[in-house]
Structures are given as structure tokens and as C-alpha cells.
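The values are calculated or read from the model by the stated rules, or taken from the named source; none is laboratory data. In this text the structure is predicted, and so the values were computed from the model without any measurement. Note: ideal-geometry Cβ built from the backbone for every residue, glycine included; neighbour counts use all protein chains shown. Heavy atoms of the whole protein, side chains included, go into the accessibility calculation; ligands, DNA and RNA do not. Shrake-Rupley method; radii C 1.70, N 1.55, O 1.52, S 1.80 Å.
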Amino acid sequence: MNTNLVGLERPQLMQVLAGLGVPERQRKMRAQQLWHWLYHRGAKSFDEMTNISRDLCAKLAALCTIERPEVVARQKSVDGTRKWLLRFAPDEHGQRHEAEMVFIPEEDRGTLCISSQVGCTLNCTFCNTGTQRWVRNLTAAEIIGQVLVAKDTLGDWPALIATSPNPPAAGRHITNIVFMGMGEPLYNTDNVFPACRILADGEGLSLSKRRITVSTAGVVPEIPRLGEETGAMLAISLHATTDEVRDRLVPLNRKYPLEELLAACRAYPGLSNAKRITFEYVMLKGVNDSEADARRLLKLLKGIPAKVNLIPFNPWPGTHYECSEWDDIERFAEIVNEGGLAAPIRTPRGRDIMAACGQLKSESERLRARRRRATSNDAGADVGTKVSSGAIISTSR
Ligand code: SAH
């Protein structure tokens, strides 16, 4: 099988080159050239690589690929938010899995939300992804491939930005990457860590480490390694202030309770006022949204350079949770703010239409099941791969 070069780090590229018979003294330089084409220029074929000899290009073309996930559906909301439904190449069982990706443009930045797994093993009770079956880890190629697809759609390659009549204020469209799509990134460190390093490499995709955020439900043993091996920013899906409530919302808490989780946060490498941990807190009516919760939250986070993101709950069919009342969310935010922590409320858009992370995929699977039924009834109705309209969650500062 041909080797996909996307998602490979420099030493692996050098190994591939060795396999193609490139002499040892040339490998480093050739790997550097490939790196530049793959991650700085966004090359899709070896023909484009004008500074690599025709001979080597032919060998690369014969034995290697530059593969991106397939775009099944693409959507843009009135506010500029974009969604992609991506389909990955067949895995070892011949299965082609799908995941969603979201881009949220703001005035001074653009955030791409990517997935680390198809499905999730965590079963958080308020999360729709948790109700879908576990499928598999994404490879580093599939994780980086998501970013390449987004950059292609947005024209977010340096050479294109340089000649764009209307370049983005930040000099690039994608300024931030968050691992907040499907899956638990710290259960897929073998692929997520290399992907973080590729994203942050100054000669390639060159995102600032401060703008790559890995969100975890709290896989405590992997937290120090995340800091040491990637330097990425840490986000914790906290959602509760007592073990009793968190055990119910995030079952992983039974394995790694609050005290251990917060100790790992305190020890996270490189924390400062400029490098804070983000604590995500989904607002669930009558579950975790009392004033006592807000005060307990302040106590828990004392001494940790932190900010809190308050996320109004996005309901989904079959959930027994409800979103907190707006007044309660504001009161909660006020208490946390007064306690000295920034606590922006993320304003949801299109809440009525199943637009939160992990939901695009289930929608398309539902439609596919319906289409299969329609076909087997010989009804011939083509519902296509229509996806739910409207936007996801917007961030606020
Ligand atoms: N497994 C990682 C990455 C997923 S990030 C983690 O848990 O952090 C996705 C974020 O969206 C998490 O903070 C998750 O708790 C939150 N989320 C999941 N379902 C939601 C819903 N229905 N409404 C609002 N936020 C939700």
C-alpha cells in the first residue's frame, strides 16, 4: 500500500526517503523540502514540487500519496461559521468513517474545531457523541488532514493570503485549533501528540502553541505528557464542582476524581497569567448551576491560572437534561467574575437544529439509514447527504 505522507514528522519522512533509495546525505534536505510543500504550501500532488528532481517526484508519486479526508458535505451559516462532514479512507476493515469539523471566524481570529476519534468511549451523560457507538482513533494523517481540508476551503495558505485582495486581519484565517470535536484526545495520544507538533512547527503549518488547545474530560495520567511533549494549551471539561455530581455527568471522574484532576492542572508545565487552563462548564438546569456551585468552583480553582467557559447546554433528542435559565447562567458568571476569574458565556446559535459538536455525523447517519430504507422499499426517494442547517456555538471573550 502506498504511504500517505500527511501526518508524518521529519524522522518518518526521512525513513520513507531511505526506502525510496535517497542517499543518506540528502535525506534531511529532501525531508525538509517535502515538509515545506506538504505543510507550508499545501501541495496536493508531487508534480507541484518544483525543487525536487523529476526522478524523485516520479518515485514519490508511484509509492506515496498526499491524502486528505473526502468532503461529503460543506455548509456555511449566515454568520460565517462553517461545517464540514468528512469521510476518511477505508480502515483495515474496509469501513469508511465520518467526522465533523467546524470553523468559527471572529473579528481577530478564526478557530478550527477538530476531532481526534470517531465516536467516544467516555459516555458523558449530557453529550450526544457519548450516545453513539465507539468506533476508532483517528490517525495523525486524519487529524492533520482535517486542517489541510479547512485550509484548502478557506484559501488559508501563505501564498494565497499574500495575493488575496481581502486578507484576514490576523494574516491567516485559522489562528486557533481546538481539539473539541468528537472523541477524547488524551485517549489517542499516539496520534494527537505528533499532530500537535506538526501544527506548531514554524516551518510548516506554524500555529502558535498558545493557540492549540487540547480539551480533555480528565485523563489525568496523560496531562503532564501533553504539556511536556507538545506545549499545547490545556482545557478541562469540568462541568461539576463535587465528585458526586461529576461522577454522574462525566463517568471518567470515578477513575480520576476532582482532587487528582486539579492537582494535575496545578502542575501543568508553563502556566502563567498569560497561559491559563480553560475550564469548560456546561450549564445544566438544576444539576450544576446553583450559586453554591459557582462559589465552590472558585474555591476549587484557587491558585490555578484559569479561565472558565460557560457553555449553555445544547439539548438533543432523548436527553433528560435541560439548559439552565438565562438568569441563572448570568448569575453564575457574575459570581465567578467577582471572584476574579474570567467566565465568558459562549453564546449558542441555532440551538434548535442539532448543531453542537458530534451531531452533524449522527444527522447524516440518520439520513443514510432513512435512504437505505427508502431504497429497499423501492421508493427511490433521494434524501442526499443533506445536513442540518444553522450554526454551532460561537465563542465570546
Ligand atoms: N473529550 C474531550 C473533547 C470533547 S470537547 C472533552 O471532554 O473535553 C467537547 C466539549 O463540548 C466538551 O467540553 C463537552 O463537555 C461539551 N459538550 C458535549 N455535549 C454538549 C452539549 N450537549 N451541550 C454543550 N456542550 C457539550
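Filtering region 176-210 down to residues that are without any contact (Cβ under 8 Å) to a residue 60 or more places away in the chain and open to solvent by 30 Å² or more (accessible area, probe 1.4 Å), which residue is nearest to Pro105 (Cα to Cα)?
Step one: list which residues in region 176-210 are without any contact (Cβ under 8 Å) to a residue 60 or more places away in the chain, which gives 186, 189-190, 193, 196, 199-200, 202, 207-209.
Remaining after also requiring open to solvent by 30 Å² or more (accessible area, probe 1.4 Å): 190, 202, 208-209.
Working: Asp190: 30, Gly202: 23, Ser208: 17, Lys209: 19 Å.
Step by step, filter region 176-210, then rank; the result is Ser208.
Condition first: assigned to a loop (DSSP other than H, G, I, E, B), crowded, with 16+ Cβ neighbours inside 10 Å and β-branched (Val, Ile, Thr). Now tell me which residues in region 301-323 satisfy that.
Ile304
Anything in region 262-274 that is open to solvent by less than 20 Å² (accessible area, probe 1.4 Å) and part of a loop (DSSP other than H, G, I, E, B)? List them, or say none.
Tyr268
With respect to the numbered conditions (1) touching a residue at least 40 places away in the same chain (Cβ under 8 Å); (2) within 28 Å of Ser206 (Cβ to Cβ), which one is the sole condition not fulfilled by Arg248?
(2)
State yes or no: is Leu38 open to solvent by less than 20 Å² (accessible area, probe 1.4 Å), in contact with a helix residue (DSSP H, G or I) (Cβ under 7 Å, 6 or more places away or on another chain) and either in a helix (DSSP H, G or I) or not assigned by TED's automatic domain parsing to the domain that holds Asp201 (or both)?
On the way: open to solvent by less than 20 Å² (accessible area, probe 1.4 Å): yes; in contact with a helix residue (DSSP H, G or I) (Cβ under 7 Å, 6 or more places away or on another chain): no; either in a helix (DSSP H, G or I) or not assigned by TED's automatic domain parsing to the domain that holds Asp201 (or both): yes.
No.
Would you mind finding the one in Gln75, Gln95 that is of a type in the set (S, T, N, Q) and within 25 Å of Leu199 (Cβ to Cβ)? Before the answer, list the steps.
Numbers: Gln95 fails: within 25 Å of Leu199 (Cβ to Cβ).
Being of a type in the set (S, T, N, Q) and within 25 Å of Leu199 (Cβ to Cβ) holds for just one of Gln75, Gln95, which is Gln75.
Does Leu5 satisfy the criteria of being open to solvent by less than 30 Å² (accessible area, probe 1.4 Å) and out of contact with any Cys (no Cβ under 6 Å at 6 or more places or on another chain)?
Judged against the criteria, Leu5 is not a match.
Would you say Val102 is touching a Lys or Arg at 6+ places or on another chain (Cβ under 6 Å), under 30 Å from Arg346 (Cα atoms) and among the β-branched types (Val, Ile, Thr)?
Values: touching a Lys or Arg at 6+ places or on another chain (Cβ under 6 Å): yes; under 30 Å from Arg346 (Cα atoms): yes; among the β-branched types (Val, Ile, Thr): yes.
Against the criterion (touching a Lys or Arg at 6+ places or on another chain (Cβ under 6 Å), under 30 Å from Arg346 (Cα atoms) and among the β-branched types (Val, Ile, Thr)), Val102 qualifies.
How about region 324-342: which of its residues are open to solvent by less than 20 Å² (accessible area, probe 1.4 Å) and among the polar types (S, T, N, Q)?
The answer is Ser324, and nothing else.
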